[in-house]
Structure formats: structure tokens, C-alpha cells
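Take a look at the structure below.
Values quoted throughout were computed directly from the atomic coordinates according to the rules given, and no laboratory measurement underlies them. Every value quoted in this text rests on a predicted model; they were computed, and no experiment measured them. Reconstructed Cβ throughout: ideal geometry from the backbone, glycine too, with neighbour counts over all protein chains shown.
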Amino acid sequence: MSYALTEEQQLIQQNAREFATEYVEPAAAEIDHTAAHPADIVKKMIEQDFLGIFLPGEFGGAEAGYLSYTLIIEELSRASGAVAAVLLNHASLAAYSINRWGSAEQKQAYLPSLCQGEKLGAFALNEPGAALGAGEHRVTAVKDGDSYVLSGRKCYVANGGAAGLYIVFAQTDPEAGAKGISAFLVDAKTDGLSVARLIDKMGLRGCQSAELVFDQVKVPAANLLGAEGAGLAIAAEALAAASIAEGAMVVGIAQAAMEDAVKYGKQRIQFRRPIATFPAIQSMLAEMAANIHMLRLAVYDAASLLENGQAFVAEAAMIKLFAARIGQSALIDVIQIEGGYGYSQEMVASRLYRDVKGAVIKNSSLDFPEKIIAGNLLA
Amino acid sequence: MVDMSLTPEQQKVQQIAREFTAKYIIPVDREWDEKGEFHEFILEEVKKAGLNCMAVPEEYGGPGYPSVTQSLVAEEWGYGCAAFATTLGGNGLSSYPLAIAGTDEQKKMYYGRLVNGGMGGFALTEPGAGSDAGACSTIAKLDGEEWVINGTKCFATTCGYADIMVVFASTDPSKGVKGLSAFIVEKEREGLIVGAVEHKMGIRSSNTVELILKNVRVPRAHLLGKEGEGMKLAMKTLDMARPIVASIAVGVGQRALDEAVKFAKEYLDVNGKPLGSHQAIAFKLADMATQVEAARQLVRNALRLKDAGVPYTKEAAMAKTFATDAAMRVTADAVEIMGQYGYSKDSIVEKLMRDAKVTQIYEGTNQVQRIVISGILLNS
């Protein structure tokens, strides 16, 4: 990798790789099996300052930049997609949004606890049965004096049940449809907020997914993030920032899978020679190596744009579009190379296959990457 | 919907299989996947419905369905649960070697078990012999009037509870591929041990086991065909089985498509419009449907050639490759369209995506199929 990572970034990358090898990799299969929130590993990530890695120093962050953060995500993903997803939802979605749109008071009130890991962050966007604001369980926020009262349901909330702070998207103006959605900072301990159930899923199983119930949850008006009606714009940019990190996740997962397939291909003898010597196997490996390389460069580039304050949303959408395709195709091929062995639940490839599909998920119609990219071209 | 290109008899069987799937499989597909096993009573129901040994000819007490009819049933089962379809498909797979090379006595013995509701198994693969079936290290030696078989098979489908099975072993290791032979082995033979059960990412309720043979003795007459003809027999068997695997894949793809269409109609976007009103989604659904239908017709074409008695090896390999690749793409697309819901176990499509992957691997990887297809293209 000749992309000009600074010395500091290389050190962060090296440290993250050692951390992942020492602490995450040995626990990865068990995390997948139990699907339990990896609290012990989160504790260790706090000690490493991973939770506030790109956040400003004045709030307790490491101020190391978004590119350094994506390097960490990539390294964690090589060991466990679930652990990377826990950090990603906390950092790219929750912490990023507060740092980007929070008032001085909100930042002071929440960022230090997010950086120091007193609170894990989560993004409560999805609703059951329909997109945000469109279904019968939509979360509404009704102004009542100095407070808003939130009611409704959220589902597929990553870090749900484990988080201490939720960014909740709720409809403040039902007449305005999508334009009437606002974002709120909601403490997990607020009365009326409860976890209805944990949702089992195909992969990234240690990154807990929950359905939340809001039963007359009273939130101070001061916890409105940005302006009323700004919710969708906030969600769109935060999702774009997350897409860059999701690209890094795909790079990490696909890289681990490719290395596994190379190892298998060298060892597995069929027709009296290692199967890695067959051109059909080499084509698959070559294709995934090329794709991973290009995605990695795209992630570095978009992360640099973001940390330098430049426009990054279209580039992030390109990552989303490309990462979904190449991650899936790499894992389909890796299991093909490893055959019946790779398909076994006990082998790492089958976990990576399930995980990579969850790394890039389109949130209903909010963020078709094609639409964002084309919109940018046509503007 | 009834497919009018089918004969009335085929339509009838398709309908029976469809109703069976709706009644007995779909309500419990998720539970079977979680537990990694299916309810045994269902085998009784399969027998009652007359679908347990479709490949067994009428003179041996089976229905003797033509290949197209068998594939219709496999597709319906695949629609319900690929693992179940694989298990019941094993009754076909393991009875094809009999149809190809079995003597009347052998057929009576083998088919007799299946007709009574028994399960058939097929053990070809070994730890060191996957795509390279000739690297077989299981050995069969003649001792008087008995074959003595020793070795270990792996990824043996349904062999954990099969009543009777076809096991491949080398009768002359010095000859490699040409030393391979096939034997009928009943489950009660001494020395036949079911080893470790394989825990798989998908088709979890299909039984995949290690099969250990320690001085297993079978009568001399249990050799199928001639000594050294095992590889040829295995290849012909897989020719017959490929369109069935392809049919299972068509069923899996159709299910994923139906689930995605239903979702696209019901799920409202952020503006309150159905997701399917987005062209990006609508066109993807169109592509998925096109792939599933093309796969179905490739399978039917290969089987019509087979039933007409003309060569169909290339077409069977094409159908297997195309249909299973299509199932892989279509199931992955369904998960993508259905987003977080599709990725969660609240929906069935994540299971379909796990199940679809194995269809590209088993009964000849799609790489082996390409060797078969290109071999015919380049050597004729």
C-alpha cells in the first residue's frame, strides 16, 4: 500500500492490527455464536481511545482524523465485523452527528461521555414495516412546553439495548411528511423508552439489533439536534459518513476472506496439485484483490475529503455502490474456492460471508447510492 | 399459477407438491433452519403424498415419474426449503446409479427400501477427493464372496439416517479414476459408522455426515456395474442429478423473488410510496424474474432432451451452473432490496441466501460444470 499514510496513521493502523489480533480475533467466533454485545472488547477499545478517535480533543477525543478511524475499522473488521459495526454505529452515526450539528451545550454534555465510553451511541432511524415516518408505528414528537413527547417504535437499531445514548428521528410535523422529521438526543435511561426485543440476524451478530418502544418519552427541547425538520438532512449526511466506514469494513472483511482463500488454495490438493495453481481459481483471487485494492483507495480518498471539510457525499455513495457489490462477490468466490469446507459453519469464511452482506445495507429508500451519485452529476 | 406447457399429469403432481410445501414445509422452514433438523413425521407425509421415491420405476413399486415431473417437485420443495429438497432429492440421486447400472436383484433390494419409506444416501466425496473424485482412498477388496470396504467418506448427504446407500470405493488404487467402483451398502452392515455431523452455514436441516467404513462386508453382488466403472457411473449419476439440483435452485430463486415483490408492494418509502415505485427496485425485480425464468427453462430443456433419450450432459451442466448462479444472485438481491428486514431473521430471505450458496458447490462445483461444458465444446 503506497498511499501516503502519515507516520501517525501508520502507527494507528499497526496498533489497531495488533489490538485486533490479540483481543478481537480470538473472540470473534464466540461473539458470532452468542450474538451478545461484546462489552469486554468495547472496554478495551475505550482504553485505546478508539471511541473518540476522530473527535475534537476539547471533548476528550483523540483528534486523529477520519482516515485514521477508517484504518481502525478496517483492522477490526479483519477480525470481527460485529466489533467493527459496534464502533461504526457509535462513531460514524451517533458521535459524528453530535459533533457536526450539536450546539456547544449539546457537545459539552454528550461528546465527553461518548469519547470516554461512558455511553455508547446508537442511531434510531428505522421503523417497523415502513420507511422512516411512513408507517403506522412511526415515532412522533409532540412539543409540550419545554419538552417533546416521543411515541412510536424503532427497529433494527444497531447497538440497541447496549447504547447509553440514542439519536432518535421523529416526526415533529406529520403534515410535512419527510420534511417534518427531526433528530433528538435521547438518553437510554429516559422513562418510557424500552427495548421490546433483540432481533436475530444473518451476520454481524455481536452488533446487537433491537426494537425500541417509545411510550410517551419526555425529552427536553434542548435535546433537539439541529433545527426542527432537519432530521432527514442530518440522517443523509451521517449515513454518508458511515458509508465510508462501511467501505472500510468491506475492505477488512474481504481482505481476511481473501487471505483465508489463498491459504486454503495453497494447501488443498486436487488433481495432484494445489488448487491455487488452477487459472480458474487465480482469476477469482485476482478479481477480488483488484476490487479490494480499489475500494481501499476510494475509502482513503473519501475519508480524507471528510476530514478536510470538503464535500464527500457523492464519493461516499460511490463507495456504498461499489463496496456492496465487491464484498458480496469476493465472499461468494471465497466460499466457492473453499468448497464444502468453506461452507461449514465452523470455518471463518462462512462467518465473513454472512457479515459482509450486513456491512452495506441500504436504509430503505433514503439512500439509493445511484440516486445520490446521479443527482450530483445532474445538479 | 398453472404452467400450461406441462401435461395434465405433470400439472397434477406440481399441484400436489405445491400444496405439500405450503402445508408442511413453509410453516416450519425457519425452525428447521435454527435446529438443523426437520421433523421426522414429515417423511411419512411425503410417502402418503406419493413423492418419496419419484425416480423408482412402476415395476418396482414407485411412481416412475419422468424427469420433468421429478424436477417440478424438486422446484416446489426448493421453494419451501432447500435443505428438505436436498434430503428428498437424495432419494433420487442415490437411486440413479441403480437405474443406470443396477441388476434386477439390486433394484429390488434398493428400491424396496425406498418404496417402504426408507431414505437413500450417496457417498462419493472424501477429505482428499472432492472435485477430484479419482483421488479416492476408500478401498474395497474382494475376500471370497464378499467385498470388504475400508475408508472415510465426508460431506455424505443424508447418510446419518439413510437406510441404504451407494458408496464409492477404489477396487484398484493403482488405476486412479479407472479403479473406482460403486457398492450398495445397507445401514445395518457391521463396521459402518456415522462420524461427525457437519454444521453448515445453510441447508442446515439437511444431514451431512462423515461416514467411516471399518471392514464393512457386503456380498459380492453388491458391486454396481463392473469393477472400475465407478467414475463413469458417478458422472452419469451426476448428469441425472444436476437438473434436480438446478430445480431446487430455481425454487429458491422463485421464493426470493416472491418475497422481494411482496416487500416492494407493501413497504412504503419515506414519502409514503411503495418501494416498488422506484425504478431502481422495479428493474431489479424484473432482472431477478428474468433470471429465475431463464433458469427454469434451461432445466426443462435439458430434461426434455433426457426424456427423449438424446445426449444432454452439456445442457444439464449448463442448467446447473446457470440456475445455481442465478439463485445466488437473486437471493442476494432480495436481501439487498429488503434492507435491514431482509438481513434479519424476521424475514426468510437471509436463509435463502445462505442456502443458495451450496447449490453452486454440491453435486459438482460450478467450476467442474464449466470443465464439462467447455470439454464438450472443445473436444467435439
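Can you tell me the alpha carbon radius of gyration of the range B:296-370 divided by the globular rule-of-thumb value 2.2 N^0.38 Å? Don't skip to the answer; put the middle values down first.
Working: Rg = 15.0 Å, N = 75, 2.2 N^0.38 = 11.3 Å.
Ratio of Cα Rg to 2.2 N^0.38 Å: 1.32.
Please go through the range B:169-271 and write out the GluC sites (Glu not before Pro) that DSSP classes as loop and that have at most 11 other C-beta atoms within 10 Å. Let's see the in-between values first.
Numbers: sites: B:Glu186, B:Glu188, B:Glu190, B:Glu198, B:Glu210, B:Glu227, B:Glu229, B:Glu259, B:Glu266; in loops: B:Glu188, B:Glu190, B:Glu198, B:Glu227, B:Glu229.
When the GluC sites (Glu not before Pro) of the range B:169-271 are filtered for loop state and at most 11 Cβ neighbours within 10 Å, B:Glu188, B:Glu190 remain.
Find the relative contact order for the range A:122-229 and round it to a whole percent, using C-alpha pairs within less than 8 Å whose residues are 6+ positions apart. All intermediate terms of the calculation are to be shown ahead of the outcome.
Details: 278 pairs, mean separation 33.8, N = 108.
Worked out over the range A:122-229, it gives 31 percent.
Starting from the amide H of A:Ala162, placed 1.01 Å from N in the peptide plane, find each other amide H under 5 Å away whose residue is 5 or more places distant or on another chain.
Those lying under 5 Å, H to H, from A:Ala162: there are none.
With 5 Å bins from zero, work out the P(r) of the range A:322-379 over every alpha carbon pair and list the percent per bin.
4, 18, 21, 16, 13, 9, 9, 6, 3, 1
Please compute the alpha carbon radius of gyration of the range A:76-124, then divide it by the globular-protein estimate 2.2 N^0.38 Å. Two decimals is fine. Please list the in-between numbers first.
On the way: Rg = 11.6 Å, N = 49, 2.2 N^0.38 = 9.7 Å.
This ratio for the range A:76-124 stands at 1.21.
Kirkwood Rh, chain B, all Cα pairs: how many Å? Each step should come with its number before you reach the end.
On the way: mean 1/r = 0.0473 Å⁻¹.
Radius from the Kirkwood sum: 21.2 Å.
Amide H of B:Leu192 versus every other amide H placed in the peptide plane: which residues, excluding those fewer than 5 positions away on the same chain, fall under 5 Å?
B:Lys214
Given the -39500 (n - 2.57) contribution per DSSP H run of 4+ residues, what per-residue ellipticity at 222 nm results for chain B, rounded to the nearest 500 deg cm²/dmol? Please report the intermediate quantities before stating the final value.
On the way: 12 runs with 194 residues, N = 380.
Calculated at 222 nm, the ellipticity per residue is -17000 deg cm²/dmol.
When the Karplus curve 6.51 cos²θ - 1.76 cosθ + 1.60 is applied with θ = phi - 60°, which whole-Hz ³J(HN,Hα) does each residue of the range A:351-362 get, with x for Gly and Pro?
Working through the residues one at a time gives 5, 5, 4, 6, 5, 5, 5, x, 5, 10, 10, 7 Hz.
The range A:7-119: Rg/Rh from Cα coordinates, Kirkwood Rh?
Working: Rg = 13.7 Å, Rh = 14.1 Å.
Value, to two decimals: 0.98.
Scan around B:Cys154 for amide H atoms under 5 Å from its own, H built in the peptide plane at 1.01 Å from N, and keep only partners 5 or more places away or cross-chain.
B:Thr125, B:Glu126, B:Leu211
Just the Cα atoms of chain A, one point each, no solvent: what log10 I(q)/I(0) does Debye give at q = 0.08, 0.09, 0.11 Å⁻¹?
-0.39, -0.50, -0.74
Once the principal axes of the Cα atoms of the range A:232-378 are found, what is the range along each, listed largest first in whole angstroms?
58, 25, 25 Å, listed from the longest principal axis down.
Considering the alpha-carbon set of the range B:237-380 alone, what are its Rg and its Dmax in angstrom?
In order Rg, Dmax, the Cα atoms of the range B:237-380 give 17.0, 59 Å.
Show me, for the range B:366-379, the HN-Hα J-couplings you get by feeding each phi into the Karplus relation (A = 6.51, B = -1.76, C = 1.60, θ = phi - 60°), rounded to Hz, glycine and proline as x.
Couplings: 5, 6, 4, 4, 5, 5, 4, 5, 5, x, 5, 5, 8, 10 Hz.
For n ≥ 4 DSSP H runs only, could you compute -39500 (n - 2.57) per run for chain A, divide by its residues and tell me the 222 nm figure to the nearest 500? Numbers along the way, then the final one.
Working: 12 runs with 191 residues, N = 379.
Calculated from helices alone, the mean residue ellipticity at 222 nm is -16500 deg cm²/dmol.
Please report the projected area of the range B:1-87's Cα convex hull averaged over all directions, in nm². Walk me through the numbers on the way to the answer.
Numbers: hull surface 22.9 nm².
About 5.7 nm², averaged over all directions.
When you look at the Cβ of every residue in B:191-204, what mean number of other chain Cβ atoms sits within 10 Å?
Values: counts 0, 0, 0, 0, 0, 0, 0, 6, 5, 7, 13, 5, 1, 1.
Averaged over the peptide's residues, the number is 3.
Using +1 on the beta carbon of Lys and Arg, -1 on that of Asp and Glu, and nothing else charged, what's the dipole of the protein assembly as shown about the Cα centre, debye to 20? Let's see the in-between values first.
Details: 72 positive and 89 negative charges, 380 e Å.
Dipole of the protein assembly as shown, to the nearest 20 debye: 1820 debye.
Considering the range A:255-321, what Rg and Dmax in Å follow from its alpha-carbon atoms?
Reported Rg and Dmax, both Å: 17.1, 56.
Which of A:Ala79, A:Ala298, A:Ala176 ends up with the largest GNM mean-square fluctuation for chain A, with Cα atoms connected below 10 Å?
A:Ala176
In percent, how large is the relative contact order of the range A:7-119, given Cα pairs closer than 8 Å and 6 or more residues apart?
On the way: 124 pairs, mean separation 35.5, N = 113.
Reported as a whole number, the value is 31 percent.
Based on the alpha-carbon set only, what is the convex hull volume of the range A:122-229 divided per residue, in Å³?
92 Å³
Report the relative contact order of chain B, percent, no decimals, based on alpha-carbon pairs under 8 angstrom and at least 6 residues apart.
Numbers: 748 pairs, mean separation 61.3, N = 380.
This gives 16 percent for chain B.
Please give the average number of partner chain Cβ atoms lying within 10 Å of the Cβ of each residue in B:348-356, rounded to a whole number. Don't skip to the end; give the middle numbers.
Values: counts 0, 1, 7, 1, 0, 6, 8, 0, 1.
Counting other chains' Cβ atoms within 10 Å and averaging over B:348-356 gives 3.
Pick out, in residue order, every one of the trypsin sites (Lys or Arg not before Pro) in the range A:250-345 that is DSSP loop and has at most 11 other C-beta atoms within 10 Å; say none if there are none.
Working: sites: A:Lys263, A:Lys266, A:Arg268, A:Arg272, A:Arg296, A:Lys320, A:Arg325; in loops: A:Arg268, A:Arg272.
Passing sites in the range A:250-345 are A:Arg272.
Please compute, for peptide B:324-332, the average count of beta-carbon atoms on other protein chains lying within 10 Å of each residue's beta-carbon. Numbers along the way, then the final one.
Details: counts 0, 1, 0, 0, 4, 3, 0, 0, 7.
Going residue by residue through B:324-332 and averaging, the value is 2.
Using the Karplus curve 6.51 cos²θ - 1.76 cosθ + 1.60 with θ = phi - 60°, what ³J(HN,Hα) values do you get for each residue of the range A:159-170, in whole Hz, with x for Gly and Pro?
These are the phi-based 3J(HN,Hα) values: 6, x, x, 9, 6, x, 9, 10, 9, 10, 9, 9 Hz.
Rg (Å, one decimal) plus Dmax (Å, integer) for the alpha carbons of the range B:21-162?
That works out to 16.6, 53 Å for Rg and Dmax.
Say the dipole of the range A:122-229 comes from +1 at the beta carbon of Lys and Arg and -1 at that of Asp and Glu; which of A:Tyr148, A:Ile199, A:Ala124 then lies farthest toward its positive end?
In the range A:122-229, that residue is A:Ile199.
Run the numbers for B:Ile371 and B:His39: contour at 0.36 nm per residue of separation, minus the present Cα-Cα distance, in nm.
115.7 nm
Of the options A:Val139, A:Ile167, A:Gly229, report the single residue whose Cα projects farthest towards the positive end of the charge dipole of the range A:122-229 (beta-carbon charges: Lys, Arg +1; Asp, Glu -1).
The one lying farthest along the dipole's positive direction is A:Ile167.
Where in chain A lies the longest segment free of chymotrypsin sites (Phe, Trp or Tyr not before Pro) that are both loop residues by DSSP (not H, G, I, E, B) and have at most 14 other Cβ atoms within 10 Å? All intermediate terms of the calculation are to be shown ahead of the outcome.
Details: sites that count: A:Tyr3, A:Phe271.
Value returned for the longest uninterrupted segment is A:4-270.
Restricting things to Cα coordinates, could you compute the convex hull volume per residue of the protein assembly as shown in Å³? Provide the component values of the computation, followed by the final result.
Values: hull volume 123.3 nm³, N = 759.
So the per-residue Cα hull volume is 162 Å³.
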